[in-house]
Structures are given as C-alpha cells and as structure tokens.
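Encoded as structure tokens, the structure appears first; notes follow it.
The values are calculated or read from the model by the stated rules, or taken from the named source; none is laboratory data. Quick caveat: nothing in here was measured; it's all calculated off a predicted structure. Cβ coordinates were reconstructed from backbone atoms using ideal geometry, including for glycine residues, and neighbour counts include every protein chain displayed. Quick note on the areas: whole protein, heavy atoms, side chains included, nothing else; ligands and nucleic acids left out. Shrake-Rupley method; radii C 1.70, N 1.55, O 1.52, S 1.80 Å.
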Amino acid sequence: MSFSRHRELFPTLASGIHLLSHSLGPVPRAARDSMLAYCDAWEHHTSEDAWATSWWELSRRVGDRFARILGGEAGSVQIEPNASIALATVASCFDFHSGRRTKVVTTALDFPSMEYIWDAQRQMGARVEVVKSHDGITVPLEKILDAIDEETCLVALAHTSYRSSYRIDARPIIERAHERGALVLLDVYQSAGVVPLHAADWEVDFLIGGTIKWLCGGPSCGYLYVRPELQKDLRPRLTGWVAHDAPFEFAAAPMRYARSVRRFAQGTPSIPALYSAIPGLDIIESVGIENVAAESERRTQFMIDFARERGWTVNTPPELERRGGSVMIGVENAKAVSEQLAERRVFVDWRPGAGLRISPHFFNTDEEVQEALQILADLIA
Ligand SMILES: Cc1ncc(COP(=O)(O)O)c(C=O)c1O
C-alpha cells in the first residue's frame, strides 16, 4: 500500500464495515468544520456582500475541482442541484420537434431518472431507443453502436451502471456517435471518485453526476461537464437568472446566456452543499484517483473470486475494464440478508433483481472486506 487509508478522517467507520460508497459515502470528519465555516460566513454577511466576497466564486472553484476529477479542463463544469437536474438541463437544449435528429439512445441499465426524463421528452417529440440488456448485467457494445444512426441527436448512458456495476467502453461509443453527428452524455455518478475518467481525452460532450457516493460529499451537489467547444452552441430551456451573462443587471427577457459554463445553471446555487463537498474532494485528491482505482480493482477481484469459489451468483461483469467499484451478489431475499448484515454491522444495500450491492472504497481495510464476505457466507450457508 503506497497511500494511507485515512480512516481517522471518517468518524462513521467506527460504527461498522462501511461498504456503501455506491449509495452514501461516509462523511469526512472535516465536513463538520466546513459546514461551520459556512455558518460563520453566513452569520457575518449582512447583505448581498456574501455573493461578491465568496459565494459567487465558490460554485466556479468547486466546479473546477470536479473538472479535474472528471479529466476535463477548468471552466468545463457547472454545479447543479443534483444529477437529475443536470440531465434535464441537457435534455432542454434539444429541439426534438424540428429536423431529422430526434432520436435519443439510452440503455436498460441506466438509473431510473434517466428513463423518466427521456420518457418525458417523448411528449416533446423525442424518439427514445432503449438498448436492451439480455442478462440484466451488461449491454452489448455492438447493440449500442448499431442503435446510433443519422437521426440520433444524443447517446445518453450510464458510464457505470448502478445495478450491475457494468462499465461501458466509452471511446468507441463516442467515436461512433461523433461520426454519425450525434452527441454523447455519460452518467458518471457511479464512476467519479473510483474509476479514472478522461473527459477531454475522450472528447465526450456531457458528463453528469454528484457527490454523495464515491466522492464522500454531502447531498444536493450535482455537476454537469460540457465540452468547452460545445458550450456556446447550447441554450438550455431549463434555465434561470444565474445562467444570464450579467445576472445582476436583472435584465428583461430574452435570455442572454453566460459565455461560460454558467449558462447551464438555473437559480441560486446550493452553497451549503458546496461546503459539504469540499472535504471529500480534498481527501480523494490527496489519495489520488489512480491509487483509489488500483485498490478498487484488487478488492473487487478478491470479492468476485471469493463468491465464485463458493458458487454464488455474481451479477457484475468479471472483466476488470468492464466493471466499476461495486460487486453485486445475487442472493435469495436480498432485502432480509442486507438487514441481517446490518445487524452484524456490515453495511451494504440491495436492489431488486440485482441482489446485494457491495462496495469497498480506499478507506476499507482488506480485513474488513474479508470479514464482511465471511459473515455473508455464514448467513447464506
Ligand atoms: C448512476 C446514477 N445516476 C443518477 C443518480 C441519481 O442522482 P441524483 O439524485 O443526484 O439525481 C444515481 C443515484 O443513485 C445514480 O446511481
């Protein structure tokens, strides 16, 4: 091990074996101080000076920190209230009623918000093709590539699936979409903070996600990456005064969009959420995504091997480059098993059809991972 697990920085780890980073990461101890710093600043601001002296710039600064984690350049990320709003903001950039390009390609393994938001776009003229999964674990790359045609305006997929941890192969999808004149959005909520991401290198058009999982941040802090060269061409209909080029002019319509990624904002940013996200970003950056990813690969492999040796059903792809940081184990009555694990202070969760979702992160020790699996083995024997 070339890095510290920083366990002392996470008070929650004292209460049991935390393997829940796909859902809710443990709160860093420093989050309390960060939230108090927010309260101090709030108490001291007597007027709108809060905006001028700190809050306005905070969104931009935290956005730039996300950009680093996503592999993008400064100025490519706008903070959003959550990943669903980030997605809806992108959806609102498309005009599905005019022209030939009305098709959106998604997959059956995406998070439900994705499905709901695209389904709602049908009323706006969108044609949505959901590429099926034959096994509930993967979606064949060929099927995704075949679905992208000259009528496709957007390919919008989970980079890592919340239900199987299946990680798509981003490059060929982006290449095919760009060849056909379509844009690509990846939902990286289950990747950012555990899998290295290369937004600029991939030339992906949009990334969405949030902080409460692998990034150890608080709730209500989503983000939207938009490829810098694309930003000025887009005019989201889901908008607000913060997205205006000169918000404090309070000018009448029509909207004059900001000439920066702020054009994808809506209203007042969630300032407490930004404070709650910073300590997790500090820790992840100091450990280093490459180190986090290497640990994740080693431990998910251990878990898969452990499960296979016992003949368990593994609902996660075995290939290293096709999986994210979680391992899903199919057990009978996953809900009851996850409750029994919680009684033994092993914290995992479950999803219908997916089984138990179990996620080692950099702060977990090898002993914890082994102990958790042994407790599971004893329970389901
Ligand atoms: C892959 C993925 N996308 C989106 C979401 C939802 O994010 P939000 O609640 O910020 O809209 C989740 C939450 O579990 C998720 O796992």
### Query
Right, Leu58: of a type in the set (A, V, I, L, M) and either in contact with a Gly (Cβ under 8 Å, 6 or more places away or on another chain) or modelled with pLDDT of 95 or more (or both) or not?
no
### Query
Quick check: anything in the range 212-220 among the β-branched types (Val, Ile, Thr) and out of contact with any Pro (no Cβ under 9 Å at 6 or more places or on another chain)?
no
#### Entry: Some residue of the range 137-153 being within 16 Å of the ligand (Cβ to nearest atom), closer than 21 Å to Ser84 by Cβ, outside any loop (DSSP other than H, G, I, E, B) and touching a Leu at 6+ places or on another chain (Cβ under 9 Å)
no
### Query
In the range 159-172, what residues are near the ligand (Cβ under 10 Å from one of its atoms) and either in a helix (DSSP H, G or I) or within 20 Å of Ile329 (Cβ to Cβ) (or both)?
Thr160, Ser161, Tyr162, Arg163
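Strands (runs of 3 or more DSSP E) wholly in the range 173-271 with at least 2 residues that are open to solvent by less than 50 Å² (accessible area, probe 1.4 Å), in contact with a helix residue (DSSP H, G or I) (Cβ under 6 Å, 6 or more places away or on another chain) and touching a residue at least 40 places away in the same chain (Cβ under 8 Å) - which ones?
Values: elements: 183-187, 206-210, 222-226.
Ranges flagged: 206-210, 222-226.
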### Task
Name the single residue, out of those in the range 297-336 being under 19 Å from the mean Cα position of the chain (by Cα), open to solvent by 10 Å² or more (accessible area, probe 1.4 Å) and in contact (Cβ under 8 Å) with a residue 24 or more places away in the chain, that is farthest from Asp135 (Cα to Cα).
Glu321
### Query
Taking interchain pairs and intrachain pairs at least six residues apart, which have beta carbon atoms under 6 angstrom, with the first residue in the range 83-106 and closer than 14 Å to Val155 by Cβ and the second among the hydroxyl-bearing types (Ser, Thr, Tyr)?
Lys103/Thr152; Val105/Thr152
### Message
Give me the residue from the range 359-381 that is open to solvent by 10 Å² or more (accessible area, probe 1.4 Å) and among the aliphatic types (A, V, I, L, M) and, out of that set, farthest from the chain's Cα centre (by Cα).
### Response
Ala381
### Task
Output the residues belonging to the range 189-237 that are of a type outside the set (Asp, Glu), over 26 Å from Glu295 (Cα atoms) and more than 16 Å from the ligand (Cβ to nearest atom).
Val226, Arg227, Pro228, Leu230, Gln231, Lys232, Leu234, Arg235, Pro236, Arg237
